[in-house]
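Asks: Before anything else, here's the structure in question.
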Amino acid sequence: MAQEKDDTFLSEDHFEPFQPSESFKKNAKVNDNSFYREAQDDRLAFWSRMAGNLQWTKKWERVLDEDNPPYYKWFINGKLNVSENCLDVHIKNGRGDKRALIFEGEEGDTVSLTYKELLKEACKFSNVLDQLGVKKGDAVTIWMPMIPEAIVAMLACTRIGAVHSVVFGGFSPDALKDRILDSDSKLVITADGANRRGKVIPMRSAAEETLNDCPSVEKVVTVKRTGTAYESKEGRDLAWSEIMAEAGETFEPVTMDAEDPLFILYSSGTTGKPKGILHTTGGYLVGVNATFHYVFDHDDDDIYWCTADIGWITGHSYIVYGPLSNGSSTFIYEGTPDYPNRDRFWELVEKYKITVFYTAPTAIRSFMRWGNQYADKRDLSSLRLLGSVGEPINPEAWLWYHEHIGQGKCPIVDTWWQTETGMIMITPLPGVTPLKPGSASYSFPGVEADVVDDHGNSTKPGQRGFLVIKSPWPAMLRTLYGDPDRFESTYWQQYPGLYFTGDGAWKDKDGYFWIMGRVDDVLNVSGHRIGTMEVESALVEHPAAAEAAVIGKVHEIKGHSITAFVTLKEGYEGSEELVQELKNHVGKKIGAIARPEEIFFTYELPKTRSGKIMRRLLRDIAEQRDLGDVTTLMDPQVVAAIKEGYTEK
Ligand code: WTA
């Protein structure tokens, strides 16, 4: 890994950095380097000042407890409530009539809730939770489309102190089941269905078997979104509209300790079992509140749109908790960018006068491929700042985004972070950082990222290595739910004292970070993390499959596409039907995002003498590169056979 870089395209010398314009700089929250200096001088004092922007019912006694690494604690003995900080405080500050949440559905239906109205909804649902017996510390699973009720449910959980586990609505009922079982949720909140490109996708009815198979689930609350029928079980099922109609409109927020669990979010890792990443109350909110404020240069008049789904960390941190704790107006859209037309997003930017827009490189690459005409015919002049997240943004996509969406005037914040980090970690600050297309630039103040070699030593400029974080930060994950051993081994054992991100990176001579993507068996498909092992385990659960190896093939739009190599059990023949069947099987086990794009049958997988599958070779075959060293292979014939099968296709 530790080698000189050879990516000439990603070279920092390719472009003159883009300087912030004088007009942007003038009004920016940060417009000189004193903010960085403050954090460098005293990191903990800096985070303490950031924490002071929130409302605490009791102030913390110590900023950081490092006594028992890697189990760090932040804001010791501080007390606060997240929903109070996202709702009540703004009303107290006279901003109750400001729009908090703006929603548009796929068919053009709209909802707009002021801070007062959103508080009322959250209080009503808190009363519902209370009546259903949900207590502080209980886990609640939320499996919903992108509708306002999902956010109301999240906020109500935080108000009452319940730990939400939001499961992406596009995950299959089987994937939902694993996550309900792992978190031991007693309540599931869902919808009857979701709208997707003009079609209705049933949710509640599709989850019937899952719910019956989860003994912990006592109650199920279903929002009516599409009118899709489902079986309602007496004593278990409740309709959202009915229980909300009778619920009281106020609810005192439950006082939480800074280190009380806030939510679990499952994310893919290098085994078949997803990791339940646990975030806690105080540090998480301080981290997302501060980063939202400074990275998105929060202005009271902003209409902010992050296109992520609330089922991912980006949705948690930068649709819900970051924007709302800052008193921003956060816009959400139910649908996809290409329905009913490919200008849907730009139509929404024009209609709602979006000022700050945050999306993923995979979406930008699709827009680019569709052509300039869709954005060009819309009025995007309200935009003042753009963001990117989820994977490295290639300079070509960056430049297109800058010119066609940002009209050449909007800075782009390329933000690097993870489900585990909770908050943005490496990012430009738009009023000060000269932008280099393709680089996420510097650590956020108070964050200490670095690139190290195999021995944990900082690399020289231009030398590739592993991205690590050298000191604790407030929004860091606290553990993996129910699996502290995996928490320690995944993140803390590679380099003692350093947090291992799983990403490869290098720094240039100006100290800019250039992220190269994952170095482990985790794929990035359209900005979504999918573990190769998860897909492999799903494949081998099919009766025909004996063994499977899954790789990510470089894909122009998606970043990676999934290719699977499968050996069949005795008595099964490879056929086009079986390919379809296996693809559907993975779709059922995990969800459409994990469906392999290609499946190949082979009589054997290439393995080392110790029996480890050589994915590198499979990747080379799939990407039609010359094969490197194959001397460690157990059976070199296998490669020739697979290669032949692959090129025949
Ligand atoms: C990748 C999403 C390069 C990275 C917030 C990381 C990025 C993984 C960037 C986390 C970026 C995210 N540049 N790579 N700006 N942002 N990544 O947990 O590989 O879904 O480890 O969190 O996405 O994905 P996750």
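Asks: Is there any pair linking a residue in segment 414-425 that is touching a residue at least 12 places away in the same chain (Cβ under 8 Å) to one that is β-branched (Val, Ile, Thr) and near the ligand (Cβ under 6 Å from one of its atoms), with Cβ under 6 Å and at least six apart or on different chains, and which?
Replies: 415/389; 416/515; 419/313; 424/415
Asks: Since residue 438 meets every condition but one in (1) open to solvent by 30 Å² or more (accessible area, probe 1.4 Å); (2) small (Gly, Ala, Ser); (3) farther than 30 Å from residue 165 by Cα, which condition does it not meet?
Replies: For residue 438, the exception is condition (1).
Asks: Separate question: Considering only segment 363-379, how many residues are in a loop (DSSP other than H, G, I, E, B) and open to solvent by less than 40 Å² (accessible area, probe 1.4 Å)?
Replies: 1
Asks: Further question on the same structure: Hey, can you tell me all the residues within segment 288-313 that are open to solvent by 10 Å² or more (accessible area, probe 1.4 Å) and within 16 Å of the ligand (Cβ to nearest atom)?
Replies: Hits for segment 288-313 are 307, 308, 309, 312, 313.
Asks: Let me ask something additional. State all residues of segment 504-516 that are near the ligand (Cβ under 10 Å from one of its atoms) and crowded, with 21+ Cβ neighbours inside 10 Å; if no residue qualifies, say none. Break it down into steps so the answer makes sense when it comes.
Replies: So in segment 504-516, the residues near the ligand (Cβ under 10 Å from one of its atoms) come out as 504-505, 513-516.
Listed by number, the residues that qualify are 505, 513, 514, 515.
Asks: If you scan segment 187-201, which residues turn out to be without any contact (Cβ under 8 Å) to a residue 60 or more places away in the chain, farther than 14 Å from residue 171 by Cβ and open to solvent by 60 Å² or more (accessible area, probe 1.4 Å)?
Replies: Of everything in segment 187-201, those that are without any contact (Cβ under 8 Å) to a residue 60 or more places away in the chain, farther than 14 Å from residue 171 by Cβ and open to solvent by 60 Å² or more (accessible area, probe 1.4 Å) turn out to be 199, 200.
Asks: Checking residue 519 against (1) surrounded by fewer than 20 Cβ atoms within 10 Å (Cβ to Cβ); (2) touching a residue at least 60 places away in the same chain (Cβ under 8 Å); (3) away from the ligand (no atom under 15 Å from the Cβ): exactly one of these is not met. Which one?
Replies: Failing condition for residue 519: (3).
Asks: Would you mind telling me which numbered condition in (1) farther than 29 Å from residue 310 by Cβ; (2) within 13 Å of the ligand (Cβ to nearest atom); (3) aromatic (Phe, Trp, Tyr) residue 565 fails?
Replies: (2)
Asks: If you check 588, 558, which single one turns out to be surrounded by fewer than 20 Cβ atoms within 10 Å (Cβ to Cβ) and either farther than 18 Å from residue 642 by Cβ or basic (Lys, Arg) (or both)?
Replies: Every option except 588 fails the conditions.
Condition check ((1) within 13 Å of the ligand (Cβ to nearest atom); (2) crowded, with 23+ Cβ neighbours inside 10 Å) across all residues:
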| site | (1), (2) |
| --- | --- |
| 381 | no, no |
| 385 | no, yes |
| 393 | yes, yes |
| 398 | yes, yes |
| 403 | no, no |
| 408 | no, no |
| 413 | yes, yes |
| 421 | yes, yes |
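Asks: Between a first residue in segment 502-513 that is within 17 Å of residue 444 (Cα to Cα) and a second residue that is within 12 Å of the ligand (Cβ to nearest atom) and assigned to a loop (DSSP other than H, G, I, E, B), which pairs have beta carbons less than 6 Å apart while being 6 or more apart in sequence or on different chains?
Replies: Note: pairs meeting the criteria are 512/439; 513/440.
Asks: Ok, one more. Within segment 337-362, take every residue that is within 21 Å of the chain's Cα centre (by Cα) and either open to solvent by less than 10 Å² (accessible area, probe 1.4 Å) or closer than 15 Å to residue 404 by Cα (or both) and give me the one that is farthest from the ligand (Cβ to nearest atom). Outline the logic, then answer.
Replies: Step one: of segment 337-362, the residues within 21 Å of the chain's Cα centre (by Cα) are 337, 345, 356-362.
Still in the list and also either open to solvent by less than 10 Å² (accessible area, probe 1.4 Å) or closer than 15 Å to residue 404 by Cα (or both): 345, 356-359, 361.
Numbers: 345: 20, 356: 16, 357: 15, 358: 11, 359: 12, 361: 8 Å.
Per the criteria, the residue is 345.
Asks: Exactly one of (1) open to solvent by 10 Å² or more (accessible area, probe 1.4 Å); (2) more than 13 Å from the ligand (Cβ to nearest atom); (3) small (Gly, Ala, Ser) is unmet by residue 449. Its number?
Replies: Only one criterion is unmet by residue 449, namely (2).
Asks: Test residue 305 against the stated conditions and say whether it is closer than 24 Å to residue 182 by Cα and of a type in the set (Phe, Trp, Tyr).
Replies: Spelling it out, it is not the case that residue 305 is closer than 24 Å to residue 182 by Cα and of a type in the set (Phe, Trp, Tyr).
Asks: Identify the single condition in (1) in a loop (DSSP other than H, G, I, E, B); (2) open to solvent by less than 30 Å² (accessible area, probe 1.4 Å) that residue 270 does not satisfy, given that it satisfies every other one.
Replies: Evaluating residue 270 over (1) in a loop (DSSP other than H, G, I, E, B); (2) open to solvent by less than 30 Å² (accessible area, probe 1.4 Å) leaves (2) as the failure.
Asks: OK, next. When you check residue 110 against the structure, is it more than 25 Å from residue 297 (Cα to Cα), free of Cβ contacts under 8 Å to residues at least 40 places away in the same chain and either touching a Lys or Arg at 6+ places or on another chain (Cβ under 7 Å) or among the hydroxyl-bearing types (Ser, Thr, Tyr) (or both), yes or no?
Replies: Criteria met by residue 110.
Asks: Further, regarding this structure: Could you tell me whether segment 493-501 includes any residue that is hydroxyl-bearing (Ser, Thr, Tyr), at pLDDT 95 or above and in a helix (DSSP H, G or I)?
Replies: The answer is no; no qualifying residue exists.
Asks: Another question, then. Among the residues of segment 478-497, which ones are within 23 Å of residue 461 (Cα to Cα) and within 15 Å of the ligand (Cβ to nearest atom)?
Replies: Correct list: 494 only.
The values are calculated or read from the model by the stated rules, or taken from the named source; none is laboratory data. What you see is a predicted model, and the numbers here were worked out from it, not measured in a lab. So basically every Cβ, Gly included, is an ideal-geometry build from the backbone, and we count neighbours across all protein chains shown. Note: accessible area is taken over every heavy atom of the protein model, side chains too, but ligands, DNA and RNA are not part of it. Shrake-Rupley method; radii C 1.70, N 1.55, O 1.52, S 1.80 Å.
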